[in-house]
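Trainee: The structure's right below; bear with me while I get my questions together.
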Amino acid sequence: MKYKIMLPPKVSIFGHRQGLRFQGPLGIQDVCFSGQKGAQGFALSAFQDHLERTWICFSHPTFGRSLKSLKQAEKLAYVKTLGALLIQKAKGVTQGAFVHLELIGIGYRVQFQQNSGKTQIILKVGFSHEIRIPLPPSLLCFSKKPSQFSLYSLDLPEVQQFASKLIAYKKPEPYKGKGLRFQGKQIPLRLGKKK
């Protein structure tokens, strides 16, 4: 079974330890295959076609010996998941990943504070105190309005995980929808008690 993906322009790929390294105009991303179920025995190769597009082709020569415990549908799912991960890393080094968040509620605000080169996110979300969260060094943040802000990183799973951590501080409540949420996400509201 073979699977091919096309890399965006200006992305270089190298073998690195037990995985691959993607290098692009914005930086470097690594993908490690060691310790993943079913990762043994995959053959990876990169080539250019006549239009100078770079392709990655990966296959498993036996698809049965080292993946004996997996069924054919699981093998195909693993290959497609691996392909999606490689595409995600390649896009990360060319355009990065944005996550947009918004605060809904009266007086809900976000601020950013720099202390000795480290950034803190300060959330005012209806508690008696401010919530201060240190921003990881690999992330950038900026605000459009006091109630809207964006996070940026080369690594999409990292920025999504940090955004989920922020949302956990003040999840949208089900009656009025007040709280922190992904921008544009619809929250199903419940009806209150009727008299």
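Trainee: Within segment 88-102, can you find the residues that are under 12 Å from the mean Cα position of the chain (by Cα) and exposed (fewer than 15 other Cβ atoms within 10 Å of the Cβ)?
Mentor: Phe98
Trainee: Being closer than 17 Å to Gly96 by Cα, out of contact with any Phe, Trp or Tyr (no Cβ under 6 Å at 6 or more places or on another chain) and of a type in the set (S, T, N, Q) is the filter here; which residues of segment 149-179 pass it?
Mentor: The first filter runs over segment 149-179 and keeps only residues closer than 17 Å to Gly96 by Cα, leaving 149-163.
Remaining after also requiring out of contact with any Phe, Trp or Tyr (no Cβ under 6 Å at 6 or more places or on another chain): 149, 151, 153-163.
Hits for segment 149-179 are Ser153, Gln160, Gln161.
Trainee: Still on this model: Take the conditions modelled with pLDDT under 70, among the polar types (S, T, N, Q), under 30 Å from Ser153 (Cβ atoms) and surrounded by fewer than 17 Cβ atoms within 10 Å (Cβ to Cβ) and apply them to Ser34. Does it pass?
Mentor: Details: modelled with pLDDT under 70: yes; among the polar types (S, T, N, Q): yes; under 30 Å from Ser153 (Cβ atoms): yes; surrounded by fewer than 17 Cβ atoms within 10 Å (Cβ to Cβ): yes.
Judged against the criteria, Ser34 is a match.
Trainee: On to the next question. Tell me, yes or no, whether segment 128-148 has at least one residue that is in a loop (DSSP other than H, G, I, E, B), farther than 17 Å from Val99 by Cα and not charged (D, E, K, R).
Mentor: yes
The values are calculated or read from the model by the stated rules, or taken from the named source; none is laboratory data. Not measured: the values here are computed from a predicted model. Positions of Cβ are backbone-derived with ideal geometry, glycine not excepted, and every protein chain shown enters the neighbour counts.
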